1. Restricting to region 63-94, name every residue that is farther than 22 Å from R155 by Cα and either touching a strand residue (DSSP E or B) at 6+ places or on another chain (Cβ under 8 Å) or open to solvent by less than 10 Å² (accessible area, probe 1.4 Å) (or both).
2. Hey, any hits in region 80-102 for a residue that's charged (D, E, K, R) and under 28 Å from A146 (Cα atoms)?
3. Identify, please: which residue in region 102-125 is touching a Gly at 6+ places or on another chain (Cβ under 6 Å) and of a type in the set (G, A, S) and is, among those, surrounded by the most Cβ atoms within 10 Å (Cβ to Cβ)?
4. For H128, work out the one condition from (1) open to solvent by 10 Å² or more (accessible area, probe 1.4 Å); (2) under 14 Å from the mean Cα position of the chain (by Cα) it doesn't fulfil.
5. Output the number of residues of region 73-123 satisfying the condition of being at pLDDT 90 or above, closer than 27 Å to L160 by Cα and not in a strand (DSSP E or B).
6. Sort out which residues of region 16-30 are modelled with pLDDT of 60 or more and surrounded by 11 or more Cβ atoms within 10 Å (Cβ to Cβ), and write them in order of number.
Amino acid sequence: MHSVAFPTDPQRSDAGVSGASTPPIGRYLPVPVEVHEADPDAPEVASISTRWPGTPAEHIGSSSVAGLAGKNIIDLLLAAQPAQIPAITQALLELGFQPQLPAAFPATRPMLWGAFRHGPTTYRVHVHVVPAGSPEVAAMRGFRDALRADPLLRRRYAALKRAIVEGGPVDPVTFTRAKHDWIATALTQLGLASPQPRRLYQDDLDLDRSHGLAS
């Protein structure tokens with residue numbers, strides 16, 4: 001499990017915000033999906049300690065898997081007791097994270113996003129705050145761990161993503177839709193979902209409003 005922090009980086013460029021009160025997280029700019037080679041610095045970016053020490057964040061998604069191509073988004077999981085989620089959400093907002101717009105998740109399971117500059121690179125960061133008892137937590141962790149352990153699964157997943165963007169960058173919703181059936185099948189085969197599984201990251205809540213929640 002990685003503890004994730006968002007410290008102020010002196011090399012970070014701020015979007016219209018200045019002064020001592022500048023939050024460490026910058027404005028998130030959604031862009032069409034492209035698939036990039038794995039960034040070896042992604043784990044370092046994701047391993048800075050969290051401001052919410054009682055609920056350590058975990059690095060998930062493609063950027064948490066060494067050598068796996070993806071969108072170069074840092075996906076983080078914060079599994080928390082439901083009663084803590086409003087306070088966690090507020091703490092993330094105070095760090096500079098923004099609500100996902102349009103929202104694909106309810107306030108009881110929010111996703112917030114932001115940008116963090118590390119050295120010369122600005123990373124987009126997605127923080128999934130999920131009730132600790134939700135099956136989604138096991139699915140996120142299990143899919144990450146299976147990708148880390150299985151080279152064939154990694155190659156197949158990378159090939160799928162590259163095929164989706166073969167004709168050029170695509171809309172995030174299109175990218176998410178195109179991956180869904182493959183991921184659902186993989187989760188079922190891994191024993192992480194029933195034969196008719198919920199969508200990974202609960203994008204069945206409103207897939208048309210989703211912005212590609214896993215890289």
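The values are calculated or read from the model by the stated rules, or taken from the named source; none is laboratory data. This structure is a prediction, so every number in the text was calculated from the model and none was measured. Please note: Cβ atoms are built from the backbone with ideal geometry, for glycine as well, and neighbour counts cover all protein chains shown. Each accessible area value is taken on the protein alone, full model and side chains, heavy atoms only, with ligands, DNA and RNA left out. Shrake-Rupley method; radii C 1.70, N 1.55, O 1.52, S 1.80 Å.
1. Answer for region 63-94, where residues must be farther than 22 Å from R155 by Cα and either touching a strand residue (DSSP E or B) at 6+ places or on another chain (Cβ under 8 Å) or open to solvent by less than 10 Å² (accessible area, probe 1.4 Å) (or both): L76, L77, L78, A79, A80, Q81, P82, I85, I88, T89, L92, L93.
2. No, because not a single residue in region 80-102 is charged (D, E, K, R) and under 28 Å from A146 (Cα atoms).
3. Among those residues, the one meeting the criterion is G114.
4. For H128, the failing item is (1).
5. Qualifying residue count for the region: 2.
6. Correct list: P23, P24, I25, G26, R27, Y28, P30.
Listed here are the residues, each with its yes/no results for (1) in contact with a Ser or Thr (Cβ under 6 Å, 6 or more places away or on another chain); (2) surrounded by fewer than 23 Cβ atoms within 10 Å (Cβ to Cβ); (3) not aliphatic (A, V, I, L, M).
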residue	(1), (2), (3)
S47	no, yes, yes
G61	yes, no, yes
G96	no, yes, yes
Q100	no, yes, yes
V137	no, yes, no
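Yes/no matrix, rows are residues, columns are (1) open to solvent by 20 Å² or more (accessible area, probe 1.4 Å); (2) within 22 Å of L77 (Cα to Cα):
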position: P151; (1), (2): yes, no
position: Y157; (1), (2): no, yes
position: V165; (1), (2): yes, no
position: P172; (1), (2): no, yes
position: F175; (1), (2): no, yes
position: A178; (1), (2): yes, no
position: W182; (1), (2): yes, yes
position: A186; (1), (2): no, yes
position: L190; (1), (2): yes, yes
